[in-house]
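Asker: Just dropping this structure here.
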Amino acid sequence: MKKLLFVVPMHISWDSFTKPEYYNVQLAKGDGKVYNIPRTDLPLGPLSISAYLKKFLSLDVKLIDFNAEVNALDAVPFDCFEALCRHFFQQIKDFEPDFVGISSLFSPSFPNFMDCGRVAKEVWPDSIVVGGGNIPTNSYEQIYRDMGCTFFDGLCFGEGEKPMLHLLESDDPRAFLANSDTWITRGKVMGEELFAPKHDFIDDLDEIPFFDYDLCDIDKHEINQVVASYHNLDKTRGFHVMTSRGCPFLCTFCASHRTHGRSMRYHSLARVQEDFTRLVEKYDAATVIFQDDHLMADSDRVYKILEIVKSLKLHSVYQNGLTLYALDRPMLEAFWDAGVRHLVLPVESGSEKVLKKQMRKPLKMKISERVARDCRDLGIYTNTNILIGMPGETKEDLEEARHNLREIASNWFNIACASPIVGSEIHDISKEKGYIKINDLGSDYRTAVINTEDFSAEFIQEYQYFMNLDLNFVHNYDIRCGNYAWAERGLKNVLRLKSDHALAHYYLAKCYREWGRADEAELHYASYLESIKNPFWGRWAWIFGLESINPADWSEEHYGLLAEVLVSPAMADVDDAQIIAASA
């Protein structure tokens, strides 16, 4: 029986993990240190490939997902990811896999991806070590030509089910890698002849059996910051699912088409019903977390999937894949009827110029405004995703977006920094124009790395946090509308993660004061006064003109990089009554 080890590197860099910034979601461990929490989404790529391979072959398969493993550690006694990786590999050295498959989707994990390959070849020198996912699909020339990599025997181009099957079935795996159109090797990249790898897709996704969820330690994967942000899903067992592949859109910030293609492929509705039922009956699933890139491609199919979710009494989460033009009132009512009480809206920008020219996203602000209002009317809590710092975006665009977004009736805004993901158009633009360092393959959407003629990465980093405070606290839509119960949900969620957040305490005090809950208001106001003793919070309270800040302690130099777009505290530049009236 052949042995296969799947490895998922940590999605974030080692520095980001061990030296979290203030805006990262942090976890204190038993060693007394605070760490950035990586996402622990179930790794659907390896789970799908494992299920497909076991359909044809007798295999012994193991999985190490470093995102779940590092979250579960009580202490981290390692000085680098390579040391941590070596520790885990040594623990299972006697497994002696015939094949090691390292799967990496997220650009910030590139160094970790390389460490995993290097250490795997060191620990198991006779194993065939291969890589798959977005990074090798789009960076194979950098890996082999620029970095001189010798420890990856092959890199898979695109999806891995069929390529891995053919590799494992071959009598001579190394010869197969050297001759396959789907596998990239050092010899092909460094050879004199031009090599253009080809996809080998499965057209009918039902050919893939039920995913091999047994590979995962579900308890470890449940420590997930993404699902934890959904207020109605505390302590529910969630399973990630993907019912389709592909996306026809041309969004410049996305690279999923390089792995899954632009043509849509689907699991049948009967198969979706079967899989969801099995998750409930075998694994006690309470929540399904959709990871389709374009779930809304077929509206009739979505209606039927929502009926399946409702019939099984499942919660459902939609991390991505929603398209706002398809979320008309009847569709939103179907989501509500299926028990959905929280949606993430991919508005992306408050500037129609940026949406059209920089993002190539077919979306109008009036559609975003209508969807957010309809969700609010139905009682669906909404987070709105916003991306700033695109090549070609200007500071004037950012300011226009910030003001326009105040008219989106969303409960909360997730402000992210544009990431030049390898394989995306903005990566190609940024590399060509020198906007990024040669080795920048993207960030974790919290760290800005793009420097253009219009702004620096440092400015975008600062503006990202400023925009977050402006939209979620100073101009919180729920507070302005007097919906204090929903405002409380969002602000308490912040304090659950950041107990000293001055603006969360200040505006929660404001809620309770207006709500007639004076004792709670005083408690949070006292916490606000304590927090602003910290210069970090004192500065932001001064910028926004909040109470109990002595103006004599601050001057225009404290605007820092924001001075170029702000000439007065932000609270002075908006008429809340006008915005509420316009969106009522």
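What follows draws every value from the coordinates through simple rules; no lab data is involved. Just so you know, these numbers come straight off a predicted model, no measurement behind them. Here the Cβ is made from the backbone with ideal geometry for all residues, glycine too, and neighbour counts use every protein chain on show.
Asker: About the Cα centre of the chain, what is the dipole size in debye to 20, counting +1 per Lys and Arg Cβ and -1 per Asp and Glu Cβ, all else neutral?
Answerer: Details: 62 positive and 87 negative charges, 141 e Å.
Here the chain has a charge dipole of around 680 debye.
Asker: Ranked highest first by the average count of other Cβ atoms within 10 Å around their residues, in what order do 314-326, 459-471 fall?
Answerer: Per-residue Cβ counts within 10 Å, averaged per peptide and sorted highest first, yield 459-471, 314-326.
Asker: Shifting gears a bit: Quote the FRET efficiency, to the nearest 0.05, computed for E96 versus R174 with a Förster distance R0 of 25 Å and r equal to the Cβ-Cβ distance.
Answerer: 0.90
Asker: For the residues E192, E453, what sequence is obtained by ranking on other C-beta atoms within 10 Å, fewest first?
Answerer: E192, E453
Asker: Give me the percent of DSSP beta bridges within region 229-418 that run antiparallel, rounded to the nearest 5. Mind dumping the intermediate values first?
Answerer: Details: 2 of 21 bridges.
Roughly 10 percent of the DSSP beta bridges within region 229-418 come out antiparallel.
Asker: Can I ask one more? Given only helices, namely DSSP H runs of n ≥ 4 each adding -39500 (n - 2.57), what is the per-residue ellipticity at 222 nm of the chain, to the nearest 500 deg cm²/dmol? Can you show the working numbers first?
Answerer: On the way: 25 runs with 239 residues, N = 584.
Result for the chain, helices only: -12000 deg cm²/dmol.
Asker: Continuing with the same structure: By how many nm would the segment from K310 to E557 lengthen if fully extended, with 0.36 nm per residue of separation less the alpha-carbon distance? List each step's numbers first, then the result.
Answerer: Values: separation 247, 0.36 × 247 = 88.92 nm, distance 5.54 nm.
Working it through step by step, the gained length comes to 83.4 nm.
Asker: How big is D for region 359-442, in µm² s⁻¹ as a whole number, if Stokes-Einstein is applied with the Kirkwood radius of its Cα pairs at 4 °C and 1.567 mPa s? Before the final figure, lay out the partial values.
Answerer: Working: Rh = 14.6 Å.
Reported coefficient: 89 µm²/s.
Asker: Need the full-extension length gain, A286 to E193, defined as separation in residues times 0.36 nm minus the C-alpha distance. One decimal, nm.
Answerer: So the extension gain works out to 28.2 nm.
Asker: Let me ask you something else. Determine which lysines satisfy two conditions relative to K361: a Cα distance under 21 Å, and not lying fewer than 8 residues away in the same chain.
Answerer: K353, K395
Asker: If we sort 415-422, 535-542, 360-367 on the protection proxy, mean other Cβ atoms within 10 Å, highest first, what's the order?
Answerer: So the peptides 415-422, 535-542, 360-367, ranked by packing, come out 415-422, 535-542, 360-367.
Asker: What shape does region 89-169 have by the C-alpha gyration tensor, where a ≥ b ≥ c are the square roots of the eigenvalues, rounded means a/c under 1.5, and otherwise prolate means a/b greater than b/c and oblate the rest?
Answerer: It comes out oblate by the Cα gyration axes.
Asker: Could you order peptides 201-209, 336-344 by the average number of other Cβ atoms within 10 Å of their residues, highest first?
Answerer: Sorting 201-209, 336-344 by mean packing, highest first, produces 336-344, 201-209.
Asker: Let me ask something else about it. Rounded, prolate or oblate: pick one for region 17-133, where a ≥ b ≥ c are the square roots of the eigenvalues of its C-alpha gyration tensor, a/c under 1.5 means rounded, and failing that, prolate if a/b is larger than b/c, else oblate.
Answerer: Values: a/c = 2.09, a/b = 1.64, b/c = 1.28.
In terms of gyration-tensor shape, prolate.
Asker: Another question, then. Return the long-range amide H neighbours of I128 (sequence gap of 5 or more, or a different chain), with a cut-off of under 5 Å between placed amide H atoms.
Answerer: Sorted by chain and number, the residues that satisfy this are F99, V100.
Asker: P(r) for region 265-306, please, calculated from all Cα pair distances in 10 Å bins and given in %.
Answerer: Reading upward from the zero bin: 24, 57, 18.
Asker: Let me ask something additional. Give the separation of the Cα centroids, region 369-406 to region 1-51, in Å.
Answerer: 30 Å
Asker: Grab the beta carbon distance between R278 and E122, set R0 = 35 Å, and tell me the FRET efficiency rounded to 0.05.
Answerer: 0.35
Asker: Quick one: net charge around T40, please, counting Lys, Arg +1 and Asp, Glu -1 for every other residue with C-beta under 11 Å from its C-beta.
Answerer: Result for the neighbourhood of T40: -4.
Asker: On to the next question. Using only C-alpha positions, report the orientation-averaged shadow area of the convex hull of the chain, nm², one decimal.
Answerer: Working: hull surface 106.3 nm².
The Cα convex hull of the chain, projected and averaged over all directions, gives 26.6 nm².
Asker: By how many nm would the segment from R513 to E396 lengthen if fully extended, with 0.36 nm per residue of separation less the alpha-carbon distance? Provide the component values of the computation, followed by the final result.
Answerer: Values: separation 117, 0.36 × 117 = 42.12 nm, distance 3.61 nm.
Result for the pair: 38.5 nm of gain on full extension.
Asker: Next question, about the same structure. Take the eigenvalues of the Cα gyration tensor for region 229-418, scale each by 5, and report the square roots as semi-axes in whole Å, largest first.
Answerer: 29, 19, 14
Asker: A follow-up question, please. Averaging sequence separations of C-alpha pairs under 8 Å and six or more residues apart, then dividing by the length of the chain, give the relative contact order as a whole percent.
Answerer: Details: 1021 pairs, mean separation 57.7, N = 584.
Dividing the mean separation by the residue count of the chain yields 10 percent.
Asker: Here is a follow-up. Need one number: % antiparallel among DSSP beta bridges in the chain, to the nearest 5.
Answerer: On the way: 7 of 44 bridges.
Percent antiparallel among DSSP bridges in the chain is about 15.
Asker: Which distance in Å, rounded to a whole number, links the C-alpha centroids of region 452-482 and region 288-304?
Answerer: Taking the Cα centre of region 288-304 as reference, the centre of region 452-482 is 31 Å away.
Asker: Report, in whole Å, the centroid distance computed from the Cα atoms of region 89-162 and region 483-500.
Answerer: Result: 42 Å between the Cα centres.
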